[in-house]
Amino acid sequence: MMHCDIEAPWRAAARAALREEHFDVLVIGGGINGAGIARDAALRGLRVALVEQGDFASGTSSRSSKLIHGGLRYLQQGDLRLVLEATRERERLRRLAPHLVRPMRFVLPIYRGGPVGRWTLKAGLLLYDLLAGIRNVQRHAMLSAAAARTAEPTLRSDGLVGAGEYWDCWTNDARLVVETLLSATQAGAVALSYARVSGFLTDRGRIVGARLADTFGSPEIDVRARVVVNAAGPWVDEVCALDAPAPPRLRLTKGAHVVVPRARVGNRAAWVLHARRDGRVMFVIPWGEQTLIGTTDTDHVGGASTPPTVEPDDVAYLLETVNYYCPSAELTPGDVVGAYAGLRPLVAPESAGGAPSSLSREEDLFVSPAGLVSIAGGKLTTYRVIAAAVVDRVVRVLRDGGDPRPIGPSPTARLPLPGGTADPQRLSMQALSRDGHGMAGPALDHLAGRYGERLGEVLAAVDEDPSLRTPLLPPFPDPRAEVAMAVDREWAVTLEDVLVRRTQLGLLDAQATTAVAEDVARLMGARLGWSELATRAAAQAYVEAVERNRRGWG
């Protein structure tokens, strides 16, 4: 990790607040659960701090399949409660963040002799619709073989007897975390990334805070809080171990994804396929001009601090399935333009064993004798309800400790995220009708779909510096202004923060982003006070990381 010449002003202010204030709640972990907890607690009037050892969303929360979904496959496991809860939350997130959570059509082809028959699928989709009720995106449909071929011409036709069609939602997972944190800080929370918890502060056997080690070399600081929440995702067990030795709660599994040019696959909708090797469900998802294929589900060896990597066998597993169902694709590892892997922090069953894909996605909330509140497991779609449940427990702990304040229930079911207060299409049309700020319609559509109501902030930056209108990496629409936004307003301090999480260009075409690494470094360096040497080093470090990752699976 490169050391910045000058600390970003927001980091200095956050460090000062963390050192000097006494908080109601300290949240450890800047993924979706941690961000959701910080937002919920801050909106209830609590004084909140959140710390994250890397960039916000840099773990599991930026390495998902980018779906907000009810979990059709969980019906096979008989988990109706999880599906009911997830469909309810899917609809809420569509209302609270329409720019980040959008309906997507899914097609599940049925083949003669395949793992799912027509009547079984029809019954499952009907139940899926019933559980969603009035919250449903759109009702399912059963397609004949001819209709399936018309809908998805590149699907394998041999043995095709029809398909099921249903709707779920796509999301920008990393930006969902960022916007949730923006809402938390607007409500008064203090957030600091690249700050690792090295130990707990205790008083008479109770945890009363934590000691932070700064990745960029600043001195350690102590943060004091009445309640500490462990929302560290895959690192939950490691944080628990700082409190007291305990059996592991998690079974970590790895999910790998690859990105290929969409023209090679030709999928119009998202496909739900069964992997050729083991019959697992996997997705083939349209992502602009690319197609996202995922995911694997294998046990991860080495613990959370061993980064998950995409290996040649992961790529082969995914491509062989797509090539079977889409014979014209003929994909090889050389066609993969992006790849990433993340860890699922699944709650381990009491009895060992079982396939990773059979493990429950439900959460586990528990409190240690020293008062550490921990949340393990969960899924992206239900993060808001998980956060509300955790803060309910925090409030109970505060009251047990004698806190007399009236603290109300969670308000997050009705409050939009910062960009979610207006329809993105209307925002784009309004900007274009005025003068477009010198930008074309497609670029405005892109920005409105990413920032929502915050579009005005981007356009203000463009008005101040017209050079920021230029696309960062043609033909992708992302303008250079997004680098400025990421640094000035969204806590980005490394090139990976910008290219992989704030824009996700590093996922869509990793190798292509190496050509703009120096430009991005100079844009960032001008805002963060980097020297010429530090700017060049940041660009080189990013390029080397991309090449190293590519060698791992290519």
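Every read-out reported here was derived from the displayed coordinates using simple, explicitly stated rules and does not represent laboratory data. These numbers come from a predicted model, not from an experiment. Quick reminder, even Gly has a Cβ in these numbers, built from the backbone with ideal geometry, and neighbours come from all protein chains shown.
Quick check: from the Cα gyration tensor, does the range 226-337 come out rounded (a/c under 1.5), prolate or oblate?
Values: a/c = 2.95, a/b = 2.45, b/c = 1.21.
The shape class here is prolate.
Averaging sequence separations of C-alpha pairs under 8 Å and six or more residues apart, then dividing by the length of the range 424-553, give the relative contact order as a whole percent.
Details: 132 pairs, mean separation 21.1, N = 130.
About 16 percent, as a whole number.
Mind listing the phi-derived Karplus ³J(HN,Hα) values for the range 407-416, rounded to whole Hz, using 6.51, -1.76 and 1.60 with θ = phi - 60°, and x for any glycine or proline?
3J(HN,Hα) across the range 407-416, in whole Hz: 10, x, x, 5, x, 6, 5, 10, 9, x.
How many percent of all Cα-Cα pairs in the range 425-554 sit more than 26 Å apart? Please report the intermediate quantities before stating the final value.
Details: 1886 of 8385 pairs.
For the range 425-554, the fraction of Cα-Cα distances above 26 Å is 22 percent.
Excluding residues fewer than 8 places away in the same chain, name every one of the lysines whose C-alpha is closer than 23 Å to that of LYS66.
Leaving aside lysines fewer than 8 places away in the same chain, those within reach of LYS66 are LYS254, LYS379.
Once amide H atoms are built 1.01 Å from N in the peptide plane, which residues 5 or more positions from TRP287, or in another chain, come under 5 Å H to H?
Under 5 Å from the amide H of TRP287 lie the amide H atoms of LEU292, each far enough along the sequence or on another chain.
For a quick check: sort SER64, SER368 by the number of other beta carbons within 10 angstrom, fewest at the front. Please list the in-between numbers first.
Working: SER64 24, SER368 15.
Ascending Cβ contact count within 10 Å gives the list SER368, SER64.
Place +1 on the Cβ of every Lys and Arg and -1 on the Cβ of every Asp and Glu in the chain, take the dipole about the Cα centre, and give the residue among ALA12, GLN290, LEU495 whose Cα lies farthest towards its positive end.
The residue sitting most towards the positive pole is GLN290.
If packing is taken as the average number of other Cβ atoms within 10 Å across a peptide's residues, how do 225-233, 299-307, 376-384 rank, most packed first? List each step's numbers first, then the result.
Working: 225-233: 27.3, 299-307: 12.7, 376-384: 24.9.
The densest-packed peptide leads the list: 225-233, 376-384, 299-307.
How big is the gap, in Å, between the Cα center of the range 33-63 and the Cα center of the range 386-443?
After rounding, the separation between the Cα centres reads 13 Å.
To the nearest 500 deg cm²/dmol, what mean residue ellipticity at 222 nm is calculated for the chain from DSSP H runs of n ≥ 4 alone, each contributing -39,500 (n - 2.57), summed and divided by the residues? Show your work: numbers first, answer last.
Working: 18 runs with 204 residues, N = 554.
The per-residue figure over the chain is -11000 deg cm²/dmol.
Order these peptides, 401-407, 176-182, 88-94, by their mean beta-carbon neighbour count within 10 angstrom, highest first. The partial results should precede the final answer.
Details: 401-407: 10.0, 176-182: 26.9, 88-94: 21.3.
In decreasing order of mean packing, 401-407, 176-182, 88-94 become 176-182, 88-94, 401-407.
Tell me, what is the percent relative contact order of the chain, built from C-alpha pairs under 8 Å that lie six or more residues apart? All intermediate terms of the calculation are to be shown ahead of the outcome.
Values: 1108 pairs, mean separation 103.4, N = 554.
Across the chain, relative contact order equals 19 percent.
Give me the dipole magnitude in Debye, nearest 20, for the chain about the Cα centre, with unit charges on the beta carbon: positive for Lys and Arg, negative for Asp and Glu.
Details: 64 positive and 63 negative charges, 330 e Å.
Result for the chain is approximately 1580 debye, rounded to the nearest 20.
Which whole-angstrom value gives the distance between the alpha carbon centres of the range 505-554 and the range 450-495?
Cα centroid to Cα centroid, the span is 17 Å.
What aspartates and glutamates sit close enough to LYS122 to cross-link, taking a C-alpha to C-alpha distance under 13 Å and skipping anything fewer than 8 places away on the same chain?
GLU165
Mind sorting out which of (i) -0.59; (ii) -0.66; (iii) -0.52 is the real log10 I(q)/I(0) by the Debye sum over Cα atoms at q = 0.08 Å⁻¹ computed from the coordinates?
For log10 I(q)/I(0) by the Debye sum over Cα atoms at q = 0.08 Å⁻¹, the calculated option is (iii).
Where the centre of each part is set by its Cα atoms, how far does the range 83-105 sit from the range 228-268, in angstrom?
22 Å
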